[in-house]
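Participant: Quick one: the structure is below, and I'll ask about it shortly.
The values are calculated or read from the model by the stated rules, or taken from the named source; none is laboratory data. The structure displayed is predicted, hence computed values, not measured ones. Counting neighbours? That spans all protein chains shown, and the Cβs are built from the backbone with ideal geometry, glycine included. All accessible areas refer to the heavy atoms of the entire protein, side chains included, with ligands and DNA or RNA removed. Shrake-Rupley method; radii C 1.70, N 1.55, O 1.52, S 1.80 Å.
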Amino acid sequence: MNHEDALRGDIHDALDPITGSTPDLMPRIVQRLRPVSRRRPLVAIGQVAAVLGIGLVVAAVAFSLHRSRVAPPGVTTAPTTPIIAGPGANVAWVTSQQASGGLYTGDVVTGIDPTGRVVGQINAQNELRSPDGSQLYALSIGGVDVFSAVDGHKERTISLSSTSLGVQMLSPDGRYLAVVGGSPSTLQLIDLSIGRAVASTAIESPSYGFPVIVGPHAEHVYVVGTTIARFAFDGSRLRVEQRTAGHILACDGLVAGGSNSAGGLSFRVLADGRTLVAFCPMNGAVDWVDLARMTLTHEVLVPQRTPFWASPVFSSDGNTLYLYEGGSGELHVIDLLHQTIAKSTKVASAGANPLAWLRSLLVTDAYAGAIDRTAALSPDGNWLYAIGDFGGPSGVSLVHLPDLGVRGRWLPDASLNSVWVSADGRTIYLLENGDHLRVIRTDGSQVAKVTLPANTFGFIVPTIP
């Protein structure tokens, strides 16, 4: 091997591990070197140094290009354990808000099966549904009522010391239920597998917040409000580990509970068990919080026409967040692992009036106080059912994932406000303005149309925090 080939090999050996195949630059470099005699060693050394210098420059450029192609580290997760649907998981449970003297007093919750038959009704408030869809939980005076999702019968009541002004949240596997409430504010942890509270502690601060359970044995419970408090659970007692001093999340807490949970949660703990992702429907911010360090690590602002228009829907593996605006037809896909907006597109038009665009330039509607469920995923993750909302008669758009292509539209003249898909993916339930529920098959055929109590708001969907 001559010196030219040896030098070429050395440069390629240095560059190939960095950026893959390296262009053969040596012939043109060598062409510019004059033949060197033994009598001019300094010139020879200078030429070799020049070649090596050029090689280092090429290596630096190649390394820079390589780094520009590598995505930011983002979030590392492990595969999630699939949730097996339980009895009653295909039954839709719908809330109808009740009031007395202008004040909210609770809900009438109606169950409708895939044939359109009403299977039961319960009176409750602050409801959640188990991750497998088989049970409903509702706070009552002095406890938590547990109902069957098959027909709504009460299975049991779990006694608690206080639930006044309380909020509740399940663990991702549905084994534990945490309740925050009472005066003074108290955190109580229930092991649903044995049907009783296993620990409680005073919160002190934040004065109001939602509990988030992390770990297969509820090793940590976070109370998230204007600040965040972390509690450790050792199997018998809760103790505070750390509190943040300042505001962390865009919404000064989690937007959940009551009418905001009826359409699904606006936050999710990712599969790594330490990353909390929270969507703020007021300003469109998606926040990533490192729960181990109790700090905000990243934030993405998603454009939205008006507060509370975007409905958050997480993929079953928790790696993707779909934000759909029922009032504009805009769909934003958030890659939660790479912490970026992967794609934004328009999949529906909410207004039938051809001059609606002109009005949108002059008038901005504002809706606040609750999140309508204007989008729902099929269990296999292949379809997104998106509806128009806020009075726009646009029906249902069938969006194929992941290419986001619209493959069809149903009920173009219907005025809808919420959608849910059964656990087996065979039935689509649609809430229509005017307190009606349509039961639809996946081929678009209508099975039934059911009249519901007044002030029907939304579905009680499986809770996966």
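Participant: Quick one: ranking L411, L398 by accessible area, 1.4 Å probe, largest first, what do you get?
Facilitator: L411, L398
Participant: Work out from phi, with θ = phi - 60° and the Karplus expression 6.51 cos²θ - 1.76 cosθ + 1.60, the ³J(HN,Hα) of each residue of segment 273-283, listed in order in whole Hz, and give x for Gly and Pro.
Facilitator: For segment 273-283, the Karplus curve yields x, 9, 10, 9, 10, 10, 9, 9, x, 7, 10 Hz.
Participant: Would you mind getting me the FRET efficiency between R239 and D173? Use the beta-carbon distance for r and R0 = 22 Å, nearest 0.05.
Facilitator: Using R0 = 22 Å, I get an efficiency of 0.45.
Participant: Could you give me the ³J(HN,Hα) list for segment 129-137, computed from phi with Karplus coefficients 6.51, -1.76, 1.60 and θ = phi - 60°, whole Hz, x at Gly and Pro?
Facilitator: So the J values, rounded to whole Hz, are 10, 4, x, 8, x, 8, 9, 10, 10.
Participant: Can you tell me the Rg and the Dmax, both Å, for the Cα atoms in segment 77-234?
Facilitator: 16.2, 51
Participant: Roughly how compact is segment 113-190, stated as its Cα Rg over 2.2 N^0.38 Å to two decimals?
Facilitator: For segment 113-190, the normalised Cα radius of gyration is 1.14.
Participant: For segment 184-240 and segment 128-172, what is the separation of their Cα centres, given in Å?
Facilitator: Distance between centres, Cα-based: 17 Å.
Participant: Could you compute the net charge surrounding G174? Neighbours are other residues with a C-beta less than 13 Å from the C-beta of G174; K and R count +1, D and E count -1.
Facilitator: Taking every other residue near G174 into account, the sum is -1.
Participant: Now for a different question. First select every other residue whose beta carbon is under 10 angstrom from the beta carbon of A250; then total the charges, Lys and Arg +1, Asp and Glu -1.
Facilitator: Neighbour charge sum, excluding A250 itself: -3.
Participant: Sort E127, E299, E330 by accessible area with a 1.4 Å probe, largest first.
Facilitator: E299, E330, E127
Participant: Would you tell me the accessible area of C251, worked out with a 1.4 angstrom probe on the heavy atoms of the protein chains, in Å² to the nearest 10?
Facilitator: Per-residue accessible area (C251): approximately 20 Å².
Participant: Determine which aspartates and glutamates satisfy two conditions relative to K346: a Cα distance under 20 Å, and not lying fewer than 8 residues away in the same chain.
Facilitator: Filter leaves E325, E330, D335, D365, D372, D389, D403, D413.
Participant: D for segment 154-240, whole µm²/s, Stokes-Einstein with Kirkwood Rh over alpha-carbon pairs at 20 °C and 1.002 mPa s: what number?
Facilitator: 169 µm²/s
Participant: Continuing with the same structure: Sort 429-441, 227-239 for me by packing, meaning the mean count of neighbouring Cβ atoms within 10 Å per residue, highest on top.
Facilitator: 429-441, 227-239
Participant: A further question follows. Give me the net charge for the shell around V277: Cβ to Cβ below 14 angstrom, other residues only, Lys and Arg +1, Asp and Glu -1.
Facilitator: Neighbour charge sum, excluding V277 itself: -4.
Participant: How many nm separate the modelled label positions at E219 and K154, each set 7 Å beyond the Cα in the direction of the Cβ?
Facilitator: That separation, rounded to one decimal, is 3.8 nm.
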